[in-house]
Amino acid sequence: MKKILVPTDFSSFGKLAEKTAIDIAIKSNAAVEFMHLMDIPKYLSQSATADNELPEELKSKVGAAHQYLNELVQHAEQKGLKAKSYITETSGIEVIKNHVEQHEIDLIVIGSHGASGLKEAFLGSNTQRILRSLSTPVLVIKNDLTANFKNIVFASTFKEDVHQAFAKILNFAKIFESAVHLLYINMPYNFEDSTTSSQRLLEFASQYPNHQFKQHIFNAFDEESGIIKFSKTHGIDLIATTTHGKSGFMQMLSPSITESLANHSSIPVLSVNLK
C-alpha cells in the first residue's frame, strides 16, 4: 500500500477517518492525502483559487478549510508520513473517482454515520455512492478506534470468482498480521447442507497454500444480520466484503449487502468492488 485518500467534511465522522487513515499509514508506511469537497457555484469557481474575489462568507469557508487541511498535513508529517491536501470546487463523486485514478490511490478511508428509513431507501449517501462507483478498496469507519485489526472476517458465498478482490483483502491483513476468517452465511431460503458449504470453503482456501484461514458456516435469517452477529460474537475487528457496484433501478431491486453493512454495522467495513 502506497497511498491512502481521506475525503473529509471536517465533521466528527470525518475526523474518525482522518485519525484511522494516519494510523494505517504509519503501519503500512504509506503516504496519506486529505481531500475536502466544496460546492462552489460555477460562476464563482474560477475565483476559488484566487479567493480575493469571493464573497466574504465563502472566502472565510475556503480559508478555514485551507487552515484545517494544513494542520492535518502537519500532524501527519510529525508522525513521519508524507502527506498532501486538496480542496475541490465541486462535491460530486466523479471528483473523487478522477483523483483516485490520477493519483493511484490504494485505499480510501471514509467516516460514515449510516442512514435509516426513507433517507436510506431513496436518498442514499455519499458513502453508498463511493462504494458503488470506485474499484479501489474502501474502508468505512463509524466509531473511534485504534487501527489494530487482529481479526478480519471475509464474508462471501464463495460461489463466484472473488480471488482478485480477496488478494487486496489479504494485502490489508498482512499489514496488521491479522487472522483471516472465511464466513459463509447459511439462510433458510437458500439452505444447503454443511458438507456442501464446508467443501466449497475448503476449495477456496486451497488456492492459498501459504495462508491459514479459520472457516465458519453461520446460520441466520439473512446475510446482513448473520455477518453482524457472527462478528460480534467472534471478536471480529473488521468485516471485509465484495460489492458489484450496482446502481439505479438494479440497486433498488437488489440492495448491496456491503452498503447495508456500511449503514448498520458498528464494526468497520472494508469493501472491494468486483467490477
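Remarks
- Where only alpha carbons of the range 151-273 are counted, the Rg and the Dmax (Å): 13.9, 42
- Charge sum, other residues only, whose C-beta stays under 12 Å from residue 154's C-beta, Lys/Arg counted +1 and Asp/Glu -1: +2
- With a simple spin-label model that places each label point 7 Å from the Cα along the Cα-to-Cβ direction, the separation between residue 102 and residue 71 comes to 2.8 nm.
- Relative contact order, percent, the range 3-111 [alpha-carbon distance under 8 Å, six or more residues apart]: 44 percent
- Using a Förster distance of 22 Å, the FRET efficiency for residue 78-residue 266 (Cβ separation, nearest 0.05): 0.15
- Efficiency of FRET from Cβ geometry, residue 39 and residue 150, R₀ 35 Å, rounded to 0.05: 0.30
- A simple spin-label model places pseudo-atoms 7 Å from Cα toward Cβ; at residue 229 and residue 60 they are separated by 5.2 nm.
- Projected onto planes of every orientation and averaged, the convex hull of the alpha-carbon atoms in the range 3-111 covers 6.7 nm².
- The amide H of residue 111, built 1.01 Å from its N in the peptide plane, has 17, 141 as neighbours under 5 Å, considering only residues 5 or more places off or on other chains.
Every number in this text was worked out from the coordinates using simple rules, so none of it is lab data. In this text the structure is predicted, and so the values were computed from the model without any measurement. Here the Cβ is made from the backbone with ideal geometry for all residues, glycine too, and neighbour counts use every protein chain on show.
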